[in-house]
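Working notes, beginning with the structure itself.
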Amino acid sequence: MKRSVFPSWSAPLCALLMLAACQSRPDRINSGAAGDAPPEKPAADGPTVAESSQQLAGRFLPIVGGVWLNADYLDRVGRTRSPRRALADMPGGAHAPTALLLNPAERQADTLQFLLGIDNHEGMTATLLFRPGLGTTTLPVRISTNEPGMSHTLRYQLLGQDTLLVLNSYTRRGKLLRTNTYRKAAIPRGKAPELDYGTQWMLRQRLFAGRYRGVDSLARPYSVRFDATGQVSGLPGARTYAVQYDFTGPYLNLDYLTLNAASKQPRQLTYRFHGDTLRLYRVQEDTSTFELRPGALRYTLIRQR
């Protein structure tokens, strides 16, 4: 079942005047790049003593619990410096599987329902099954799709200090149809995994986190710091920032930041990177096309290495 799982507070306020409904999407998971992990076959990956569901859950959950973002999407964000462009370029287009949310607290007996985020806008429910038979690092997954006879598996792969999750889909005859690989977001210890928090952290870390020096449009000097946690210092009147990553709907045709998103007066600034230079622009809303336009240049900031 699909549902909206991503927050809408970051859209410009003018969009709230629109009566727009999300288009229903077919329950289909499109292919993503295989990323860093090779494909697997739905067979045992080595001899192992059969484990109970309780044992499997106890071993898997500390590893797989959390927020995971599609590795191909993150690589594209890093190359393009644009979440909007990265999403548009993903294999599968509007149906790209971009995120996973697995909360260990949602486990019930030998199953764990989790969210599979689609195109950073919608989500469908999937079920991880704590059942032996597929090897030491792989579990079966049940996903309701319109492709009868398909099967799915979720495998974790430890690479030094890094961990990957690999979601594979197979045809009725067991042929590997598609592979999507995911990287884990940092979540503070003791905090329940949240899809928006994990997604924001990963995008902030790859795009903005660091110290900058620069000037505003009047050539006044500024020293600015962006943290992956969402804190910002040095920009007048700004304490927090959020990266827009959902581009489905009106006024969502540009990459932009929202400053003080949880306040009564949030502000949007669109941005462009060129090497170590970050330029922040005012945002203008075109009510005739329901699109955003870059406004006047507000800040020119250079990352300090």
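The values are calculated or read from the model by the stated rules, or taken from the named source; none is laboratory data. Fair warning: this is a prediction, and the values are worked out from it, not measured in the lab. Note that each Cβ is placed from the backbone with ideal geometry, even for glycine, and that neighbours are counted across all protein chains shown. Surface accessibility is based on the protein's heavy atoms, side chains included, excluding ligands, DNA and RNA. Shrake-Rupley method; radii C 1.70, N 1.55, O 1.52, S 1.80 Å.
Each residue in the range 99-126 was checked for being polar (S, T, N, Q) and either in contact (Cβ under 8 Å) with a residue 60 or more places away in the chain or within 19 Å of T248 (Cβ to Cβ) (or both), and 3 of them qualify.
When you check S52 against the structure, is it modelled with pLDDT under 50 and either open to solvent by 30 Å² or more (accessible area, probe 1.4 Å) or farther than 29 Å from K175 by Cα (or both), yes or no?
Working: modelled with pLDDT under 50: no; either open to solvent by 30 Å² or more (accessible area, probe 1.4 Å) or farther than 29 Å from K175 by Cα (or both): yes.
The answer is no for S52.
In the set (1) open to solvent by less than 30 Å² (accessible area, probe 1.4 Å); (2) over 14 Å from V64 (Cα atoms), the condition left unmet by P132 is number (1).
Okay, residues lined up against (1) under 29 Å from L116 (Cα atoms); (2) of a type in the set (G, A, S); (3) in a strand (DSSP E or B); (4) touching a residue at least 40 places away in the same chain (Cβ under 8 Å):
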{"residue": "M202", "(1), (2), (3), (4)": "yes, no, no, yes"}
{"residue": "L218", "(1), (2), (3), (4)": "no, no, no, no"}
{"residue": "F273", "(1), (2), (3), (4)": "no, no, yes, yes"}
{"residue": "L278", "(1), (2), (3), (4)": "no, no, yes, yes"}
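Report yes if T171 is touching a strand residue (DSSP E or B) at 6+ places or on another chain (Cβ under 9 Å), free of Cβ contacts under 8 Å to residues at least 24 places away in the same chain and either within 20 Å of Y256 (Cα to Cα) or surrounded by fewer than 20 Cβ atoms within 10 Å (Cβ to Cβ) (or both), otherwise no. Here the answer is yes, as T171 does meet what is asked. Taking the criterion of being open to solvent by 10 Å² or more (accessible area, probe 1.4 Å) and over 19 Å from the mean Cα position of the chain (by Cα), the residues of the range 241-264 that qualify are P250, N260, A262, S263, K264.
When we screen R293, R267, R282 for residues that are open to solvent by 40 Å² or more (accessible area, probe 1.4 Å) and within 23 Å of the chain's Cα centre (by Cα), the only hit is R267.
Among the residues of the range 60-81, those that are within 11 Å of L207 (Cβ to Cβ), touching a residue at least 12 places away in the same chain (Cβ under 8 Å) and open to solvent by 10 Å² or more (accessible area, probe 1.4 Å) comprise G78, R81.
Within the range 128-146, can you find the residues that are of a type in the set (G, A, S) and farther than 14 Å from Q157 by Cβ?
Keep residues of the range 128-146 that are of a type in the set (G, A, S), which gives 133, 135, 144.
Across the range 128-146, the qualifying residues are G133, S144.
Here E194 fulfils each of the conditions (1) more than 20 Å from the chain's Cα centre (by Cα); (2) open to solvent by 40 Å² or more (accessible area, probe 1.4 Å); (3) under 24 Å from H95 (Cα atoms) apart from (1).
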